[in-house]
Amino acid sequence: MSSKRPRSKRGGGGRGDSKRGEPKRPGRSQTREFSAGGVVVRGEDVVVIVPTRRAADGSRVLALPKGHVDPGETPIQAAEREVREETGIVAEPVHELGETRYWYRRDGRTIGKTVCFYLFSFVEGDTEDHDDEVEEARWISLREARKQLSHTAEREMVDLALAYLGKDR
């Protein structure tokens, strides 16, 4: 895998970005989180999830699998674990795609979040074997994912995966 860490052009929708496009620095009431996730490709398809947790407006979210890096775990190990837990899929890491950064509010606090995404290749597994944090895991075409994923930054990760694979679908 490449050691370069390209960054997404945008954060998670622009919330909390300054005029220059840089995230604001956290203050006393702000926390930082680091997560890792995967773009798992099988042929022309990518695995996506519908988490049980809804968006702030109550709508369902269509997302890539991702989650916190546990103590003693590397980001790539966390991404591989999260893919397995949230989708039921065993996948092999191929390439580091980059990071997304965004801000959100939880319990009156501002959370700065960085997510490192990796490209994975499907090995085996069944999307019905996902954990209880996920309402549904399913395969959709890469083309659909570019339009249907709820977050711009995740759609950009699919674009980066396609660029790496040399496929303009």
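Numbers below:
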| read-out | value |
| --- | --- |
| Cα centroid of region 148-168 to Cα centroid of region 95-144, whole Å | 13 Å |
| J(HN,Hα) series, region 146-152, from Karplus relation 6.51 cos²θ - 1.76 cosθ + 1.60, nearest Hz, glycine and proline x | 4, 9, 9, 4, 5, 10, 3 |
| For Lys147, Lys113, Lys66, order by how many other beta-carbon atoms lie within 10 Å, fewest first | Lys147, Lys113, Lys66 |
| Among beta bridges that DSSP assigns inside region 30-165, antiparallel share in %, nearest 5 | 70 percent |
| Most to least packed among 50-62, 84-96 [average Cβ atoms within 10 Å] | 84-96, 50-62 |
| Residue order, fewest to most surrounding Cβ atoms within 10 angstrom, among Ser150, Ser121 | Ser121, Ser150 |
| Computed label-point distance, nm, for sites Asp57 and Arg106 using a 7 Å Cα→Cβ extension | 2.2 nm |
| From phi via Karplus (6.51, -1.76, 1.60), per-residue ³J(HN,Hα) for region 71-86 in Hz, x at Gly/Pro | x, x, 9, 7, x, 5, 5, 5, 4, 4, 5, 4, 4, 5, 5, 7 |
| For region 121-132, Karplus couplings with θ = phi - 60° (6.51, -1.76, 1.60), whole Hz, Gly/Pro x | 10, 4, 10, 6, x, 10, 5, 6, 9, 8, 7, 7 |
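Computed from the coordinates by the stated procedures, all read-outs in this text should not be read as laboratory data. The structure presented is a predicted model; accordingly, all values stated were derived computationally and were not measured. Cβ coordinates were reconstructed from backbone atoms using ideal geometry, including for glycine residues, and neighbour counts include every protein chain displayed.
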